[in-house]
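For reference, the structure is listed below as structure tokens.
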Amino acid sequence: MSECECCKKRKHREESEYRSLINRLNRIEGQVRGIKSMLENEAYCTDILTQVSAVQAALGAFSKELLSNHIHTCVAENIRRGDDSVIDELVVTLQKLMK
């Protein structure tokens, strides 16, 4: 079985970074379960939409934290080593995030 291109690179995260990101994802997961429960319990549409908006905001905050960590570590370290290809990778990533 071959790995896709996105699965070849790895990133060791410091414990504090890892815990922060995991905590955010756990909260988001709980929010999504809450939305599912609201739907199953026939909650009013606007109440569900409000919770969907909260999940979207939480995912945005997760992405911002992860992107900041990426720039401060992966991007900066590669540039210091003289590998400017990471800049092109960052530009592509930013373009995807801005859709």
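The values are calculated or read from the model by the stated rules, or taken from the named source; none is laboratory data. Quick caveat: nothing in here was measured; it's all calculated off a predicted structure. So basically every Cβ, Gly included, is an ideal-geometry build from the backbone, and we count neighbours across all protein chains shown.
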- Only one of these is in a helix (DSSP H, G or I), under 20 Å from residue 93 (Cβ atoms), at pLDDT 95 or above and out of contact with any Leu (no Cβ under 6 Å at 6 or more places or on another chain): 63, 53. Name it. 63
- Query: Do you know which residues across the stretch 51-64 are without any contact (Cβ under 8 Å) to a residue 24 or more places away in the chain and surrounded by 13 or more Cβ atoms within 10 Å (Cβ to Cβ)?
  - Reply: 51, 52, 54
- Task: Test residue 37 against the stated conditions and say whether it is surrounded by 10 or more Cβ atoms within 10 Å (Cβ to Cβ), on the phi < 0 side of the Ramachandran plot, under 13 Å from the mean Cα position of the chain (by Cα) and not charged (D, E, K, R).
- Result: no
- Picking from 13, 24, which residue would you name as being assigned to a loop (DSSP other than H, G, I, E, B) and surrounded by 10 or more Cβ atoms within 10 Å (Cβ to Cβ)? 13
- Taking interchain pairs and intrachain pairs at least six residues apart, which have beta carbon atoms under 6 angstrom, with the first residue in the stretch 1-23 and within 17 Å of residue 68 (Cβ to Cβ) and the second modelled with pLDDT of 90 or more? 17/69
- Task: Could you tell me whether the stretch 26-34 includes any residue that is under 18 Å from the mean Cα position of the chain (by Cα), over 22 Å from residue 87 (Cβ atoms), at pLDDT 95 or above and of a type in the set (Asp, Glu)?
- Result: yes
- Task: Of all residues in the stretch 58-99, count the ones that are under 20 Å from residue 14 (Cα atoms) and of a type in the set (Ser, Thr, Tyr).
- Result: 3
